[in-house]
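K.L.:
First, the structure itself, so that you have it in front of you.
No lab work stands behind these numbers, since they all come straight from the coordinates. What you see is a predicted model, and the numbers here were worked out from it, not measured in a lab. Cβ atoms come from the backbone with ideal geometry, glycine included; neighbour counts cover every protein chain shown.
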Amino acid sequence: MGASLSNLTEGTRPGLGDIPESCVACVFMYLTPPEICNLARLNRAFRGAASSDSVWESKLPSNYQDLLLHLLLPTSTPQQHLCKKDIFALLSRSLHLDQGNKDIWLDRVTGGVCMSISAKAMAITGIEDRRYWNWIPTDESRFQVVAYLQQIWWFEVDGAVKFPFPAGTYTLSFRLHLGRFSRRLGRRVCSFEHTHGWEIKPVRFEFSTSDGQQASCCFCLDEPDSDDVYGNQKRGCWIDYKVGEFIVRESEPMPEVRFSMKQIDCTHSKGGLCVDAVFIIPSDLKERRRKDILK
């Protein structure tokens, strides 16, 4: 393949540089943004096509203008002066909402809109009482902090978000961690001193949307009697608990999603849990990432 490409650029034979920029742009419509950026290095025609508004508009969400308005981007980068490639680059960065408690970004490969919502943006029962909850700073969270539960009888976490998601199917999940983690001599260590009660009754996860969609499920967060060869797989690592999927339609320009997790059986206490965030991610992206992990 390399030899044939070099032959195209020798003598008077047609070369890659002879391909019209418009033709290259048509091909780029079918490639991912990282692939386009890599091919832009080949020659002038490829660089020109890689900056084409028509190419990058096809990679942007259909409602990208609504996203720009909703995110209240600084006036130092007026939207009308940004080319489509710059808009894609801008939205691909982590953009903050709600005093930094919500993150929005475009997936760099698919252009799908993703969101994470910090525990700080949720209503957590007893969060103001240090006997029950503490905020732990950490670089393992997008928000640099997680909520750590020492012990409580009534466990309930609620949240809501209203945002102009592009039409599509989205997966909502909670990111949780059993045990308190820290760094010691450069190594990650976990303490399960307060971890108890999660194997007795399951936690109920729910969400509902403004157009009537609902989903609910239950998970036992702990498995102390696990006889797996690797031990308890639910302790000491972050786990995404999928609550369900919802569909955003073109006719619903600003859907509202309410979500919760609770274990309110007061016959026993529970503790030793870190609550990081809720993630709302396009379902096809979630599935692609899962397959990549399994490879």
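K.L.:
Could you line up SER208, SER52 from fewest to most neighbouring Cβ atoms inside 10 Å?
P.N.:
Lowest to highest Cβ neighbour count: SER208, SER52.
K.L.:
Within the chain, what's the longest stretch lacking GluC sites (Glu not before Pro) that sit in DSSP loops with no more than 12 other Cβ atoms inside 10 Å?
P.N.:
11-127
K.L.:
Report the one residue of TRP238, ASN43, SER92 whose Cα lies farthest in the direction of the positive end of the charge dipole of the chain (charges on C-beta: Lys and Arg +1, Asp and Glu -1; origin at the Cα centre).
P.N.:
My answer, from the dipole projection, is ASN43.
K.L.:
What number does region 126-166 give for Rg over Rh if you use C-alpha atoms and the Kirkwood radius?
P.N.:
With Rh from the inverse mean 1/r over Cα pairs, Rg/Rh is 1.09.
K.L.:
I've got another one for you. Using a 10 angstrom Cβ neighbour count of at most 12 plus a DSSP loop assignment to flag exposed chymotrypsin sites (Phe, Trp or Tyr not before Pro), which longest range of the chain is free of such sites?
P.N.:
31-229
K.L.:
Using only the alpha-carbon atoms, how far is helix 283-294 inclined from the longest principal axis of the chain? Give it as 0 to 90 degrees, nearest 10.
P.N.:
With both axes taken from Cα atoms, the answer is about 80 degrees.
K.L.:
Rounded to the nearest 0.05, what FRET efficiency do LYS242 and ARG142 have when you use their Cβ-Cβ distance and R0 = 22 Å?
P.N.:
0.75
K.L.:
Follow-up question, since we're still on this one. How big is region 148-266 in terms of Cα radius of gyration and Dmax, in angstroms?
P.N.:
When restricted to the Cα atoms of region 148-266, Rg and Dmax are 17.2, 54 Å.
K.L.:
Subtract the Cα-Cα distance of ASP265 and ARG93 from 0.36 nm times their separation in residues, and report this length gain in nm to one decimal.
P.N.:
Stretched fully, the ASP265-ARG93 segment lengthens by 57.8 nm.
K.L.:
Then there's this: Taking the convex hull of the alpha carbon atoms in the chain, what volume per residue do you get, in Å³?
P.N.:
Cα convex hull per residue, to the nearest whole number: 189 Å³.
K.L.:
For region 122-207, what is the convex hull volume of its Cα atoms per residue in Å³?
P.N.:
Looking at region 122-207, the number lands at 147 Å³ per residue.
K.L.:
Over the chain, calculate the relative contact order: mean separation of alpha carbon pairs under 8 Å at least 6 apart, over the residue count, as a percent.
P.N.:
Once normalised by length, the contact order is 20 percent.
K.L.:
Let me check against my output: what whole-number percent is the relative contact order of region 100-159, with C-alpha pairs under 8 Å and at least 6 apart?
P.N.:
Here the relative contact order equals 30 percent.
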